[in-house]
Amino acid sequence: MDVETVVIGAGVIGLAAARDLALRGHEVMVLEEHTIIGSQTSARNSEVIHAGIYYPAGSLKAHACLAGRELLYRFCEENGVPHRRLGKLIVATAPDQVETLSAIRARAEANGVDDLRFLTRAEALALEPHLACEGALLSPSTGIIDSHAFMQALQGGLEAHGGQVVCGTKVTGLGRIDGGYRLTVADGADGFALTCRNLVIAAGHGAPSLAALLSGTQAPKAYFARGCYFSISGRAPFSRLVYPVPEPGGLGVHLTLDMGGQARFGPDVEWIDGLDYTVDPRRADGFYAEIRKYWPGLADGALRPDYSGIRPKISGPGEPAADFRIDGPREHGHAGLVALYGIESPGLTSALALAGLVADRLGE
């Protein structure tokens, strides 16, 4: 075999998995079709370190988020990755939503998140004077991270243990061979074949179509849900993240902060047919009323288009949100193959926990 283990995809999940495998002694090569690492889903999110509040009890999302959160904070401290554990307020903006906060806390506790604290309106406003709410939950374990610095640190850890990342290499074909896999790879105008014993498909949006090239994988259908973000020219008068009480279909238009303190609002949800990152300025029209429920001081015309991300979903419009899916040899019958599907939020928070699961599954 040319390489012991190939990982397809140099987003945060692929890099984390590759690093974990290299730490366990694997010879690892990561293939990335774009010219830089993490240029799609991993670079187009809110960069929030999630506490693990909303996910169904017992789900892989809940488990991986809670375990990954602590691994991520520790990794950041040990590797100098910029991050801040600044906390989040989940706010009830109407009296009938206050009771919902208790249900949210109960779900969080079922997932092992035991540090949420209920705040009265007065207590919430004491923390964030410009906030409008009837009550809130404070999540002190929620934070933010520089996702690019995180991915660079993952790549550095991989390379320090003998692994490598090869960008500008698109996998166009997959096949089984005796004892492993054969990949057809396009490298600019040229192409070549590469063989490996183990294969990890961590290609985000492209994972279902790649895995479908191998018989028996039962790859799910891919769906694309675009989320747009808007920002403001000045600084928002908040020092914590602010999330409204979730409504059917999503978590609502929330306020997040980057490492420089700049506020951004979003994401919304728009089902599309492929990878199109266009941000229509007119979508801001629907943001103002939602944001003003918790920040009535938002000025007219203050929002400007920022960026968008596309969630790599495996459940479609009107369907319950699918759990993370990690298919190993037990699911598809192919030794040495692990495929990851539907790794949307909280994928960034969960990356290091999922990496360990990938490495474990390869050994089945």
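Computed from the coordinates by the stated procedures, all read-outs in this text should not be read as laboratory data. Remember, it's a predicted structure, so these values are computed and weren't measured experimentally. Backbone-built Cβ (ideal geometry, glycine too); neighbour counts: all protein chains shown.
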Relative contact order of segment 234-364: what whole-number percent is it, with Cα pairs under 8 angstrom and at least 6 residues apart? 15
Sum -39500 (n - 2.57) across every DSSP H segment of at least 4 residues in the chain, then divide by the residue count to get the 222 nm mean residue ellipticity, nearest 500. -8000 deg cm²/dmol
If neighbour count is taken as other Cβ atoms inside 10 Å, put Ile177, Ile326 in order from fewest to most. Ile177, Ile326
Share antiparallel - DSSP beta bridges, the chain, percent rounded to 5: 70
Nearest-0.05 FRET efficiency for Asp178 and Leu125, computed from C-beta distance (R0 56 Å): 0.25
For segment 100-256, what does the relative contact order come out to in percent, with C-alpha contacts under 8 Å and a separation of six or more? 13
What is the angle, in °, between the Cα long axis of helix 98-110 and the longest principal axis of the Cα atoms in the chain? Nearest 10 is fine, range 0 to 90. 30
Going by how many other beta carbons lie within 10 Å of each one, how would you line up Asp20, Asp300, Asp187, fewest first? Asp300, Asp187, Asp20
Fewest-first sequence of Asp190, Asp115 by Cβ atoms within 10 Å of each Cβ: Asp190, Asp115
Looking at this model, which pairs from Lys88/Lys293; Lys170/Lys221; Lys293/Lys313 are more than 19 angstrom apart at the alpha-carbon? Lys170/Lys221; Lys293/Lys313
Cα gyration tensor shape of the chain, rounded if a/c is under 1.5, else prolate or oblate by comparing a/b with b/c: prolate
